[in-house]
Structure formats: structure tokens, C-alpha cells
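**Student:** Take this structure first; my questions come after.
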Amino acid sequence: MALQQKGMHGTWVSRWTFIMAATGSAVGLGNIWKFPYIAGNNGGGAFVIAYLVCILMIGVPVMMAEVAMGRRGRQSPINTMRELVTESGASSWWRQIGWLGVIAGMLIISFYAVIAGWALAYIFEMTSGQLQGASGEMAADVFGRLLADPSRLIFWQSIFMVLCVGVVVGGVKKGLGVAVEILMPILFVMLFVLLGFSYFQGDFEAGWNFLFSVDFSALSGRGVLEAMGQAFFTLSIGMGAIMAYGAYMPQNANIGKTILIVAFFDSLVAIVSGLVIFPIVFATPGIEASAGPGLMFISLPVAFGNMSGGLLVGAVFFVLVSIAAWSSAISLLEPAVAWLIESKNMSRLQANLLVAGGTWLLGLGSVFSFNIWADSTVAGFTFFDFLDFLTSNVMLPLCGLLIALFVGFVMKKEFVDEEMQGLSPVFATLWRFALRFIAPAAIIAVFVMGIYDKFFS
Ligand code: PHE
């Protein structure tokens, strides 16, 4: 059985397709929406440096480990873990990594689709003309009305899920592979066109200084922890997505080099997004580079509405955000879909309908968190806040930690070395050290701090 299902989903056509797919997974709302504002809140340039150090020292090593596990198992994360555990004679307890990843992925996609739906809705808000010359209040009102209307939120959430199923149902080569090869180049072209607009029409100097003036005194210990958390989320580590994609990676591709390229693209998009957003925001007097959802859905629309040609550019911006979210969300569906095909004998279509239907239903909880259930909170959490907290602050670090420990200490070294062929001895030693010590220590710090922050501060 295990042998038969091994590799049954096929592989990416080339290493390049894997790079596009992994970059597609990594580049998402985390880069375009979250990175710019947390960078701005944490001392700009100093945070950017801390973030890049975390990506290199913690994110890249763990991502390499996750890909190596996936490629060795060549199945969905759940069955991959089963195989790796048997192969290395490890305690079956480690299998939970697979389950944890797949479940976290499904929980995330349930609310990720709701937020992505906002971006889809905003493509049309931009072109409808109602934001022409809008004030901050008017823009806040447009956003508020969207959130208050469950039927509109469900409409856009559903469209987004259908788009995702449309890709995943096509399988690894013809669905995911083709989609990322088309979407990623479009995303990069759009991003650089927007950068041009922001350079000529925005206050580029102010935006640049906001992001890059290095002032280490503005960076707190908490800021460093936020940089670490962001490094994990943005690289899509610890949710089964990268393990599933690794399972389709050609055997001869060098994992170290490939992941460095992915991390480079991911960081590039985050930084360029900041350089698109802040100059535009600063060009409009009286609006704040405020934190949270407001930056993308309120401040930015006001800025676009007050620039010549801004609304059209704004629509392009939200197409970009939607594409980024789309190419991330498909990587969240795939692990569970692959598992149902392998273990429950389903067709790809059946598996997709089941996973998408289930997560769509769960997503309704997040939809209602913004309106009819907004006041029903448990321990201060709405349903949406709870899922966000549980996945980003608990499941993701836990899974990342287990991955680092499993590959660092538990998996037999000869198997790890087989997957890591081509890695120079120095790089290999550094990698192992990062997995065994740096990453676990850092993750535990983020984990404890995140929980402490939420409940005791
Ligand atoms: N990396 C994505 C982002 O930055 C989010 C994501 C996490 C996607 C995990 C897939 C898996 O938005």
C-alpha cells in the first residue's frame, strides 16, 4: 500500500515549477498586508534587519527540513510522517506532525478565504467610483459596510474557494503547476508596475525612510519576537503546505539552494510591498500609516481615491493581493486533499469538494465574527480571533519546533544526508546546528511570549 501510493500525485515538471509553487505559497497576505505595518510599528529598518536575520537563521533551515521530509516521504504530510517514523524507527508519537500540519492548514484556509474575499470585493469597490476623493471616514464606512454584511462576505468567500478548488482539482502538474507558472510572473510584473506608480506619484522618500531608517533603539525585544513569528508565517512553515509541495519536488533538485531562492523572493515581495504602500499612504495628507486591517482596506483606498488614476491602480493592487492569497490558499488545500486521495480512496474531485466544503462551512464562523457574532467572545476572542491565534501562535510554532527536532535529532542522519546531497559541508554543519539549537530556542521564545502576551499582559 505504502509503496503504491508513494509518488502517486506526480512531481513538478521542473525545479523552477517548485520554486514558483513554494514562492506562491509563501507570498500572501502576510507579505503584502502584515509585513509593512509591523515593520512600520517596530522601528522600520531595524526590524527589517531583524526579520531578514530570522529568515536566514531560523526560517530557511526549518523550511529546508520540511521540504526534505516531504521529498523523502513523497505522500501527503500524514502518510509521509508515518513512513519517516517507521524508516527511522522513531516513536510513533512523531506522526502527529503530519496531523497537526494538515489540521492547521484547514483551519487557516477557513479564515484566510474570508480575508481574501475582502480583497476580491475591493477590486470592485475601487472601480465602482464611490471612493473617488474619499475621506478617511468615507473609506472606513465602505469597509464597515462590507464587514457588516454577511451575505456579501459569504459571496466573496465562496468565489475565492471556487477559484482554489478550480486549481487544486487539476492535480500537481496540470492544476497547481500550471497555475503558479502563470500567476507568479503576473504577480511580479504587477508588483513592479505598482512600485513605479508609487515612485512617481507617491512620496517615495518618506516611504523609504519609514522602512529603512535603521534605529535600533526603536526595536524592542518583543519586536524581535514578532520578526521571528512573521518569518515562520510568511514562509508557510509548519502547516503541511511546504511538506506537501516538497513531496512533489524532483529528486535531483538541490534543496538548500532552492529554498534560499524561495526565501529571497518572499522577502523581496515583502519589502517591495512596503515600498509600494507607504509612499502612496504618505502622499495623502491626514491619513495614518495605521496598523492592522485598516492600513490596506482604509488608509490605502483613501490614498488611491485622491490620486489621479489612483482608483485604477488601486484595482490592480487588489488583484495583486488576491493573486497572492490565491496561490497561498491552494497550498493549504493540497495536504488534506492528497491525504483523502491516498487513504480514503477518493477521486481528486471528491476530495476537493469535501475539504473545500468543510473549510467553507467553518469559514462562516469567521464571517459572522465580523457582524452577527461580533459580540460573542470567549476569553476576549471572537471565533476569527481564536482561529487566528490558535494557528499562528500555537499550532504553527509547535509544528515548526517538532519539525526542527525531528530532522535535527530523530531522523537517521544517513536519510537526511541523502536528501541533502549537494549541500557543502560547511553549510550542512551550520544547517544542522540551526535546526538542533537555534531554531528550537527561538521558537520556544516566540511561543511563550505569544501566549504570555495574550493572557498575562
Ligand atoms: N505564507 C502565507 C502568507 O504570508 C500564509 C500561509 C501560511 C500560506 C501557511 C500557506 C501556508 O500570507
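**Student:** What residue, of N31, N41, is of a type in the set (S, T, N, Q) and within 22 Å of A439 (Cα to Cα)? Don't jump to the end; show me each part of the working.
**Tutor:** Details: N41 fails: within 22 Å of A439 (Cα to Cα).
Answer to the check: N31.
**Student:** Further question on the same structure: Hey, can you tell me all the residues within the range 255-276 that are open to solvent by less than 20 Å² (accessible area, probe 1.4 Å) and more than 15 Å from the ligand (Cβ to nearest atom)?
**Tutor:** Passing the criteria: I255, G256, T258, L275, V276.
Every residue, every condition in (1) farther than 21 Å from L195 by Cα; (2) of a type in the set (S, T, N, Q); (3) at pLDDT 95 or above, yes or no:
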site	(1), (2), (3)
S299	no, yes, no
V302	no, no, no
N306	no, yes, no
G309	no, no, no
V313	no, no, no
A325	no, no, yes
S328	yes, yes, yes
L349	yes, no, yes
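**Student:** Would you confirm whether or not the range 213-226 contains a residue that is at pLDDT 90 or above and either under 30 Å from G177 (Cβ atoms) or of a type in the set (F, W, Y) (or both)?
**Tutor:** Our first condition is that a residue be at pLDDT 90 or above; within the range 213-226, this holds for none.
No, every residue in the range 213-226 fails to be at pLDDT 90 or above and either under 30 Å from G177 (Cβ atoms) or of a type in the set (F, W, Y) (or both).
**Student:** Do any helices (runs of 4 or more DSSP H) lying entirely in the range 27-128 carry at least 2 residues that are at pLDDT 95 or above, and which ones are they?
**Tutor:** Values: elements: 35-41, 45-54, 60-73, 77-88, 96-127.
Ranges flagged: 60-73, 77-88, 96-127.
**Student:** A further question follows. Could you tell me which residue of the range 55-94 is surrounded by the fewest Cβ atoms within 10 Å (Cβ to Cβ), considering only residues that are out of contact with any Lys or Arg (no Cβ under 9 Å at 6 or more places or on another chain) and of a type in the set (V, I, T)?
**Tutor:** Once the filter is applied, the top-ranked residue is T86.
**Student:** Pairs under 7 Å by beta carbon, first residue charged (D, E, K, R) in the range 228-250, partner at pLDDT below 95 and within 11 Å of the ligand (Cβ to nearest atom), six or more apart or different chains?
**Tutor:** Partner pairs satisfying both residue conditions: none exist.
**Student:** Only helices (runs of 4 or more DSSP H) wholly contained in the range 139-254 count here; list those with 2 or more residues that are within 16 Å of the ligand (Cβ to nearest atom), crowded, with 20+ Cβ neighbours inside 10 Å and of a type in the set (A, V, I, L, M).
**Tutor:** On the way: elements: 150-168, 178-201, 204-212, 221-234, 241-246.
Because the criterion is at least 2 residues that are within 16 Å of the ligand (Cβ to nearest atom), crowded, with 20+ Cβ neighbours inside 10 Å and of a type in the set (A, V, I, L, M), the helices (runs of 4 or more DSSP H) in the range 139-254 that meet it are 150-168, 178-201, 221-234, 241-246.
**Student:** Please verify whether the range 294-307 includes one or more residues that are open to solvent by 40 Å² or more (accessible area, probe 1.4 Å) and touching an Asp or Glu at 6+ places or on another chain (Cβ under 7 Å).
**Tutor:** No, that holds for no residue.
**Student:** Still on this structure: Within the range 346-355, is even one residue within 16 Å of the ligand (Cβ to nearest atom), over 20 Å from G28 (Cα atoms) and assigned to a helix (DSSP H, G or I)? Even if it seems obvious, please write down each step before you answer.
**Tutor:** Narrowing the range 346-355 to residues within 16 Å of the ligand (Cβ to nearest atom): 355.
Then drop every residue that is not over 20 Å from G28 (Cα atoms), which leaves 355.
From what is left, the residues that are assigned to a helix (DSSP H, G or I) are 355.
Yes, the range 346-355 contains a residue that is within 16 Å of the ligand (Cβ to nearest atom), over 20 Å from G28 (Cα atoms) and assigned to a helix (DSSP H, G or I).
**Student:** Can you tell me which residues in the range 395-411 are at pLDDT below 95 and surrounded by fewer than 19 Cβ atoms within 10 Å (Cβ to Cβ)?
**Tutor:** Correct list: L398 only.
**Student:** When residues of the range 103-117 are filtered for being open to solvent by 10 Å² or more (accessible area, probe 1.4 Å) and among the hydrophobic types (A, V, I, L, M, F, W, C), how many remain?
**Tutor:** Kept after step one, since they are open to solvent by 10 Å² or more (accessible area, probe 1.4 Å), are these residues of the range 103-117: 103, 106-107, 111-112, 115.
Checking the rest, the ones that are also among the hydrophobic types (A, V, I, L, M, F, W, C) come to 103, 106-107, 111, 115.
Within the range 103-117, residues that are open to solvent by 10 Å² or more (accessible area, probe 1.4 Å) and among the hydrophobic types (A, V, I, L, M, F, W, C) number 5.
Residues checked against (1) touching a residue at least 24 places away in the same chain (Cβ under 8 Å); (2) closer than 14 Å to V416 by Cβ; (3) not acidic (D, E):
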{"site": "V48", "(1), (2), (3)": "yes, no, yes"}
{"site": "Y51", "(1), (2), (3)": "yes, no, yes"}
{"site": "I55", "(1), (2), (3)": "yes, no, yes"}
{"site": "G59", "(1), (2), (3)": "yes, no, yes"}
{"site": "M63", "(1), (2), (3)": "yes, no, yes"}
{"site": "E66", "(1), (2), (3)": "yes, yes, no"}
{"site": "Q75", "(1), (2), (3)": "yes, no, yes"}
{"site": "I78", "(1), (2), (3)": "yes, no, yes"}
{"site": "M81", "(1), (2), (3)": "no, no, yes"}
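**Student:** Listed residues A428, A434, A441; which is under 25 Å from the mean Cα position of the chain (by Cα) and open to solvent by less than 40 Å² (accessible area, probe 1.4 Å)? Steps first, please.
**Tutor:** Values: A428 fails: under 25 Å from the mean Cα position of the chain (by Cα); A441 fails: open to solvent by less than 40 Å² (accessible area, probe 1.4 Å).
Only one candidate qualifies: A434.
**Student:** Okay, next question. Is it fair to say T377 is open to solvent by 30 Å² or more (accessible area, probe 1.4 Å), out of contact with any Pro (no Cβ under 7 Å at 6 or more places or on another chain) and of a type in the set (S, T, Y)?
**Tutor:** Details: open to solvent by 30 Å² or more (accessible area, probe 1.4 Å): yes; out of contact with any Pro (no Cβ under 7 Å at 6 or more places or on another chain): yes; of a type in the set (S, T, Y): yes.
Considered against the rule, which asks whether it is open to solvent by 30 Å² or more (accessible area, probe 1.4 Å), out of contact with any Pro (no Cβ under 7 Å at 6 or more places or on another chain) and of a type in the set (S, T, Y), T377 comes out as yes.
**Student:** Give all pairs with beta carbons closer than 7 Å in which a residue from the range 294-322 that is on the phi < 0 side of the Ramachandran plot meets a residue that is surrounded by fewer than 24 Cβ atoms within 10 Å (Cβ to Cβ) and of a type in the set (D, E, K, R); count only pairs at least 6 apart in sequence or on separate chains.
**Tutor:** S299/E288
The values are calculated or read from the model by the stated rules, or taken from the named source; none is laboratory data. This is a predicted model, so every value here is computed, not measured. Virtual Cβ from ideal backbone geometry, glycine too; neighbours counted across all protein chains shown. These area figures cover heavy atoms from the full protein model, side chains too; ligands, DNA and RNA do not enter into them. Shrake-Rupley method; radii C 1.70, N 1.55, O 1.52, S 1.80 Å.
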